[in-house]
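The structure that follows is given in the form of structure tokens.
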Amino acid sequence: MTNSMISVVLLLCGYVRTEPARFDNHKVLQITPHSSEELEQVLAIHDLYDLDMWRHPRMGNHSLDVYVEPEKLKSVLTALKNLGSHVKIWIDDLQKLIDQEKSSMKRSIRFPYTSQGRSQGFNHFTYHRYSTINQYLRDIETATASMPSVNASVFTMGYTYEGREVNVLKVTRGDGESRPSIFIDGGIHAREWIAPATVLYFINQMVYWDDYAPQLLNKFDWYFAPLLNPDGYEYSHTTYRLWRKNRADHSRNCYGTDLNRNFGFRWNPSVGGSTNECSDVYSGSQAFSEKESQSLRTFILSNKQNMIAYLTYHSYGQMWLYPWGYTSAFPQDWRELEAAAKAGTSALAQLYGSNYIVGSSTNVLYSAAGGSDDWAKGSAGVKYSYTIELRDTGKHGFVLPVDEIEPNCRESWRGLAEFALSLNTNMRRKKIGDRYKSRL
Ligand code: 0X9
Ligand code: ZN
């Protein structure tokens, strides 16, 4: 057998690891059109060149971030110049950012940070792989077995397309009482690495008794699912940093369904999704066609009677969004959702001044049906349902530098705590009758 034949055989058997995709000179442009008409023309250019919009324009602020491969750059810039739009090169060389991310991850693993000695050597301020995240959840479960005031248990909600576990950690006072619950997830979108890191940090703060933890655990039971899309997440670590979807094989050389277009409340690919399997926002063959979204559905449905809030962490853009994403209409209780979100964002801003926008998904961002937040509220009846878009506002986009993990987590924890403490759980109890015997 010749060398090339051997390589082909190894490749077919999956033994040869392909190099991760490179993004040398790939750019992200921030475009600011001067009017709505000009914005329409920019969007036409976006469609014409089949560009990836990293940050969508929102009402009142028409700027958008668009990712452009080198081979398209010249024509795109010329088209935008002819329009007269203001264009800034926001990220000049995506590969440089990815290289920096990689080397600072290596560095921080060599010098593990122990958050005031509390996190048992686990470094919360780097990006971890799937197996480390799972191990962390198991370690926390073990550690709390000997703690008097907190209990944590791991549940496997289901398995992914490639057979990985989708896990959730339930954290309670461990006194046998049942309280209203809050469900938090991260990592629905693979490339948004800051989201799982943030959810892991929340677990640490809760279990190792941060200032807020006693109040939060006295008031609620907590579910944390840090990584809902582990297949996509692993792929974004090993092969393609900008992967968004899961890894379902559609067998026409196209992979992945956008899990956040796959949930079954007013599921509709023509609203912000796609019926094209190759699209980054492919909605799936039908609502809940994917194992990962099915896992979340089953778990939430079997625990929904006590669930008052559902928060799904994404990046980027710094927004605290409530439903609906499928329509520009508002839920009838939007004022309560908005007030609670503002309690979160104003507390969050106090730490480092980060500004988060609050509003309904469609009105602040864009319409997209099939999101987990719409489903949690619309189908499962979880009143306070949100998508939180974490840091930043575009300077690094999905490739948020490792040294921003810590401030991002700290401010997000404060935001979460003040949000949760602001919730009026009495109202909820009234509505669903006498099921809760108040411990609050
Ligand atoms: O498009 C999304 O799925 C979310 N933005 S992201 O940049 N993280 O991809 C926003 C989802 C908002 N919620 C709904 N549209 N239901
Ligand atoms: Zn996302």
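The values are calculated or read from the model by the stated rules, or taken from the named source; none is laboratory data. All values derive from a computational prediction rather than experimental measurement. Cβ sites come from the backbone with ideal geometry, for glycine too, and all protein chains shown count toward neighbours.
Between a first residue in the range 54-75 that is farther than 18 Å from Asp280 by Cα and a second residue that is more than 12 Å from ligand 1 (Cβ to nearest atom) and of a type in the set (D, E, K, R), which pairs have beta carbons less than 7 Å apart while being 6 or more apart in sequence or on different chains?
Short answer, once both residue conditions are applied: Leu73/Lys27.
Under 6 Å between Cβ atoms, which residue pairs at least 6 apart in sequence (or on different chains) link something in the range 343-366 that is under 18 Å from Ser315 (Cα atoms) with a partner that is assigned to a helix (DSSP H, G or I) and of a type in the set (Phe, Trp, Tyr)?
Qualifying pairs under 6 Å: Gly344/Phe419.
Are any residues in the range 206-252 free of Cβ contacts under 8 Å to residues at least 60 places away in the same chain and touching an Asp or Glu at 6+ places or on another chain (Cβ under 7 Å), and if so, which ones?
Within the range 206-252, Arg244, Lys245, His250, Arg252 qualify.
Could you say whether any residue in the range 192-209 is within 16 Å of ligand 2 (Cβ to nearest atom), part of a loop (DSSP other than H, G, I, E, B) and more than 15 Å from Asn151 (Cα to Cα)?
Yes: the range 192-209 contains one or more residues that are within 16 Å of ligand 2 (Cβ to nearest atom), part of a loop (DSSP other than H, G, I, E, B) and more than 15 Å from Asn151 (Cα to Cα).
When you look at Ser346, is it at pLDDT 95 or above, more than 16 Å from ligand 2 (Cβ to nearest atom) and under 23 Å from His62 (Cβ atoms), yes or no?
No, not satisfied.
Now for a different question. Say we look at the range 166-180 and pick out the residues that are touching a Phe, Trp or Tyr at 6+ places or on another chain (Cβ under 6 Å) and not aliphatic (A, V, I, L, M); which of these is nearest to ligand 2 (Cβ to nearest atom)?
Out of the qualifying residues, it is Lys170.
Is there any pair with a first residue in the range 175-195 that is in the same structural domain as Lys383 (by TED's automatic domain parsing) and over 30 Å from Met105 (Cα atoms) and a second that is among the polar types (S, T, N, Q) and surrounded by fewer than 24 Cβ atoms within 10 Å (Cβ to Cβ) whose Cβ atoms are under 7 Å apart and which are 6 or more apart or on different chains, and what are they?
These pairs meet every condition: Ser178/Asn306; Pro180/Asn306; Pro180/Thr425; Ser181/Asn303; Ser181/Asn306.
For the range 7-63, give me each residue that is at pLDDT 90 or above, in contact with a helix residue (DSSP H, G or I) (Cβ under 8 Å, 6 or more places away or on another chain) and closer than 22 Å to Gly317 by Cβ.
Phe23, His26, Lys27, Val28, Leu29, Ile31, Pro33, Glu38, Val42, Ile45, Leu51, Met53
Out of everything in the range 393-405 that is within 16 Å of ligand 1 (Cβ to nearest atom) and in contact with an Asp or Glu (Cβ under 7 Å, 6 or more places away or on another chain), what residue ends up being modelled with the lowest pLDDT?
The initial filter retains those residues of the range 393-405 that are within 16 Å of ligand 1 (Cβ to nearest atom), namely 393-400.
Those left that are additionally in contact with an Asp or Glu (Cβ under 7 Å, 6 or more places away or on another chain): 394, 397-400.
On the way: Gly394: 90, Gly397: 94, Phe398: 96, Val399: 96, Leu400: 96.
This residue is Gly394.
Identify, from the list Gln305, Gln332, the residue that is modelled with pLDDT under 95 and away from ligand 2 (no atom under 16 Å from the Cβ). So that I can check it myself, show each step before the final result.
Details: Gln332 fails: modelled with pLDDT under 95.
Result of the check over Gln305, Gln332: Gln305.
In the range 208-239, what residues are under 16 Å from Ala143 (Cβ atoms) and at pLDDT below 95?
Across the range 208-239, the qualifying residues are Tyr208, Trp209, Asp210.
Related question: Can you tell me which residues in the range 87-98 are loosely packed, with under 13 Cβ neighbours inside 10 Å and either within 23 Å of the chain's Cα centre (by Cα) or under 23 Å from Glu38 (Cα atoms) (or both)?
Listed by number, the list holds a single entry, Lys88.
Could you check, for the range 213-220, whether at least one of its residues is within 16 Å of ligand 2 (Cβ to nearest atom) and either out of contact with any strand residue (DSSP E or B) (no Cβ under 9 Å at 6 or more places or on another chain) or closer than 30 Å to Ala248 by Cα (or both)?
Within the range 213-220 (the criterion being within 16 Å of ligand 2 (Cβ to nearest atom) and either out of contact with any strand residue (DSSP E or B) (no Cβ under 9 Å at 6 or more places or on another chain) or closer than 30 Å to Ala248 by Cα (or both)), the answer is no, since none of the residues qualifies.
May I pose another question? Could you check the range 297-312 and list, in sequence order, the residues that are within 14 Å of ligand 1 (Cβ to nearest atom) and either hydrophobic (A, V, I, L, M, F, W, C) or more than 20 Å from Gly256 (Cβ to Cβ) (or both)?
Tyr310, Leu311
Can you find a residue that is at positive phi, without any contact (Cβ under 8 Å) to a residue 12 or more places away in the chain and away from ligand 2 (no atom under 16 Å from the Cβ) anywhere in the range 379-392?
Checked the range 379-392: no residue is at positive phi, without any contact (Cβ under 8 Å) to a residue 12 or more places away in the chain and away from ligand 2 (no atom under 16 Å from the Cβ).
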